[in-house]
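Trainee: Right, I'll just put the structure down here and ask away after.
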Amino acid sequence: METLFLPRRGTIVGDARLAGQEEGREEGRVAGKAEQLLRLMERRGFSLTEETRQHVTTCTDMPLLDLWFDRAIDATTLDEVFATPSSTDRLPAPAQSPEHTAISSQEPRNPRSSAH
């Protein structure tokens, strides 16, 4: 019978394993956002060069990818999508992992449907 070694939190090996898992999840989220951005730009009819694809897929800054994605929704040119962020741009806040997100048990309220 084989014994499976599962390092626990609070140990050097366990903490390193957990940190590696979180790093892998974050890399996956970034790669997924890059793929979503490329798909959105293709669906919007933008002509994507290999250089543009490389620019998107090598970006590891999730808030920047979010900004580009938001811009790509309404942009008419790739220059608008990839313009240098300015002080007036609202960079999206980094997404929190599910274990850090509180889930509300109440249903969302619609402020327009209040009965007064």
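Trainee: Can you tell me which residue in segment 55-64 is nearest to R90 (Cα to Cα), limited to those that are in contact with a helix residue (DSSP H, G or I) (Cβ under 9 Å, 6 or more places away or on another chain), in a helix (DSSP H, G or I) and in contact (Cβ under 8 Å) with a residue 24 or more places away in the chain?
Mentor: Only one residue tops the list, namely M62.
Trainee: Still on this structure: Name every residue in segment 55-86 that is exposed (fewer than 13 other Cβ atoms within 10 Å of the Cβ) and within 19 Å of R43 (Cβ to Cβ), in order of residue number.
Mentor: I73, D74, T76, T77, D79, E80
Trainee: Same structure again: Does segment 19-37 contain at least one residue that is among the aliphatic types (A, V, I, L, M) and over 17 Å from D66 (Cα atoms)? Write out each step before concluding.
Mentor: Quick first cut of segment 19-37, residues among the aliphatic types (A, V, I, L, M) only: 19, 30-31, 34, 37.
Now narrow it down to the ones that are over 17 Å from D66 (Cα atoms): 19.
There is at least one residue in segment 19-37 that is among the aliphatic types (A, V, I, L, M) and over 17 Å from D66 (Cα atoms).
Trainee: (1) out of contact with any Phe, Trp or Tyr (no Cβ under 9 Å at 6 or more places or on another chain); (2) at pLDDT 90 or above; (3) closer than 15 Å to G32 by Cβ: which one isn't true of I73, the others all being true?
Mentor: Answer for I73: the failing condition is (3).
Trainee: Return a yes/no flag: does segment 82-93 have any residue that is modelled with pLDDT of 95 or more, of a type outside the set (S, T, Y) and in a helix (DSSP H, G or I).
Mentor: The answer is yes; a qualifying residue exists.
Rundown of residues vs (1) aliphatic (A, V, I, L, M); (2) in a loop (DSSP other than H, G, I, E, B); (3) at pLDDT 95 or above, yes/no style:
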position: D15; (1), (2), (3): no, no, no
position: E22; (1), (2), (3): no, no, no
position: V30; (1), (2), (3): yes, no, no
position: E42; (1), (2), (3): no, no, yes
position: R53; (1), (2), (3): no, no, yes
position: D66; (1), (2), (3): no, no, yes
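The values are calculated or read from the model by the stated rules, or taken from the named source; none is laboratory data. All figures in this text were calculated on a predicted structure; none of them were measured in a lab. FYI the Cβ positions are ideal-geometry reconstructions off the backbone, even for glycines, and counts take in every protein chain you see.
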